[in-house]
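Below you'll find the structure, written out as structure tokens, and then a few comments.
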Amino acid sequence: MPETNPRWDIFCTVVDNFGDIGVTWRLARQLVAEHSVRVRLWVDDLRAFERLCPEIDTQLAQQWQQGVEVRQWLVEWLPVDAADVVIAAFACQLPASYMDAMAARAQPPLWLNLDYLSAEDWVVGCHGLPSVKYRHVQKYFFFPGFRQDTGGLLRERGLLERRRKFQQDASAQREFLQGLGVDRAPGSQLISLFAYENAGLASWFDCLASDSTPSHMLVPEGRILGDVERWLGVEGLAAGDVHVRDGLTVQVLPFVRQDQYDLLLWSCDFNAVRGEDSFVRAQWAGRPLLWHIYRQDEDIHLDKLEAFLTLYTKGLTRPASEAISGLWRAWNTGVTMTDHWLATRKHSPELQQHAEAWCLEQALQDDLAAALVQFYVNWI
Ligand code: TRH
């Protein structure tokens, strides 16, 4: 990569879970691959990173992965020059001496706070606004989002074409699933389940078990396994375990690398996802989804949920809209899922069509990496 290409620094603190590193790693790769910029990704927890990208060597202070320079963000910060563009992901606090390095540059860098994803109305008004200043270096808000006048969503070039090709290729799907040890029973619906602890799980699983259409539930190892164990009446579930209860087969999968997770979502008829990154990826899968939103104090996450539902359900018939909204609300408040799941099943052809239409509509927006690059071009 020519030395003249702009240099970007992306800072990521892993607060909990995988969303912080999931988003920044995806963004860093895309900036390098599609915009020829040089990216250093500073991460304070390489073990979380390793789960998404097993090639990561957690011992190294500096390494290159897929064209991205990955740097361990150590507590003892060693001075470095500041880059042309500096992204603090999710309001993380930059090291003090790095801020001094930003201020010491002849041409100050573009300093951005990459915010959390929300469909709320106020995001449009705040996207791109100046935030705080450090000496003469101005910081700006950069909001991802679902509407024009936001920063858009992460979407790699050619993603939807790759997805469509895979979904039309039964043998590629079979091969991928077999690689995970999954043998889909003919006529069964395939569901992926990635969620936080959830009291609504038992009622959903009861419903699936008693359905005349068999279901095959794929559960990557993670926080939901405790609820799955309680429902099955077993302990110590691990990747590879398969349990059948009437019409429901429950299979535990290993936590797959990030690029494989897309293939899992593309293979399933219905995806339960959580947080931020898996939520967006499930939308690009073009299949109906169930979102377990990240919980926040004073239930403000429920406002975010409603804001998204308002956008997402536009264009659905009223019964289908009520079915999917009811299901999402139940899942996020831990109440019984039974009636909502039955209603969702009833409207499944319409919800399927809608998922594809929503995906195409969202893909009309500039993707987040392109929007960031454009923001920089406009700023210089
Ligand atoms: O892990 P999360 O719950 O992350 C959350 C959210 O980002 C939330 O908004 C934030 O506040 C909190 O972290 C701190 O869910 P998310 O965002 O979906 O991230 C999961 C990542 O893990 C995503 O990049 C997909 C990836 N993944 C795999 O790579 N393999 C897997 O098998 C699975 C299930 C997920």
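The values are calculated or read from the model by the stated rules, or taken from the named source; none is laboratory data. From a predicted model like this one, the values you see are computed outputs, not experimental measurements. Because the Cβ atoms are built from the backbone with ideal geometry, glycine has one as well, and the counts that use them run over all protein chains shown. Calculation scope for accessible area: heavy atoms of the full protein, side chains included, ligands and nucleic acids excluded. Shrake-Rupley method; radii C 1.70, N 1.55, O 1.52, S 1.80 Å.
Criterion first (in contact (Cβ under 8 Å) with a residue 60 or more places away in the chain, farther than 19 Å from Ala185 by Cα, away from the ligand (no atom under 16 Å from the Cβ) and in a helix (DSSP H, G or I)) does Asp262 satisfy it? Give the steps one after another, and end with the answer.
Numbers: in contact (Cβ under 8 Å) with a residue 60 or more places away in the chain: yes; farther than 19 Å from Ala185 by Cα: yes; away from the ligand (no atom under 16 Å from the Cβ): no; in a helix (DSSP H, G or I): yes.
Judged against the criteria, Asp262 is not a match.
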(message) Which residue is nearest to the ligand (Cβ to nearest atom), if the candidates are limited to region 168-212 and must be polar (S, T, N, Q) and without any contact (Cβ under 8 Å) to a residue 12 or more places away in the chain?
(response) Gln178
(request) Sort out which residues of region 255-277 are open to solvent by 40 Å² or more (accessible area, probe 1.4 Å) and in contact with a strand residue (DSSP E or B) (Cβ under 7 Å, 6 or more places away or on another chain), and write them in order of number. (result) Phe255, Asp269
(message) charged (D, E, K, R) and in contact (Cβ under 8 Å) with a residue 60 or more places away in the chain: which single residue out of Asp339, Asp303 fits that description?
(response) Asp303
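Return the residue satisfying two criteria in turn: it lies in region 182-194 and is not hydroxyl-bearing (Ser, Thr, Tyr) and not in a strand (DSSP E or B), and of such residues it is least open to solvent (accessible area, probe 1.4 Å). Outline the logic, then answer.
Step one: of region 182-194, the residues not hydroxyl-bearing (Ser, Thr, Tyr) are 182-187, 189-191, 193-194.
The next check asks that each one be not in a strand (DSSP E or B); those that pass are 182-187, 194.
Numbers: Val182: 4, Asp183: 113, Arg184: 85, Ala185: 48, Pro186: 129, Gly187: 66, Phe194: 28 Å².
Checking each candidate, the answer is Val182.
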(message) List the strands (runs of 3 or more DSSP E) inside region 195-254, counting only whole elements, that have at least 1 residues being open to solvent by 40 Å² or more (accessible area, probe 1.4 Å).
(response) 242-245
(request) Filter region 187-207 for residues that are within 23 Å of Phe176 (Cβ to Cβ), at pLDDT 95 or above and not polar (S, T, N, Q) and give the result. (result) Leu190, Ile191, Leu193, Phe194, Ala195
(message) Can you pull out every residue in region 129-153 that is more than 29 Å from Cys359 (Cβ to Cβ), of a type in the set (Val, Ile, Thr) and buried (at least 16 other Cβ atoms within 10 Å of the Cβ)?
(response) Val137
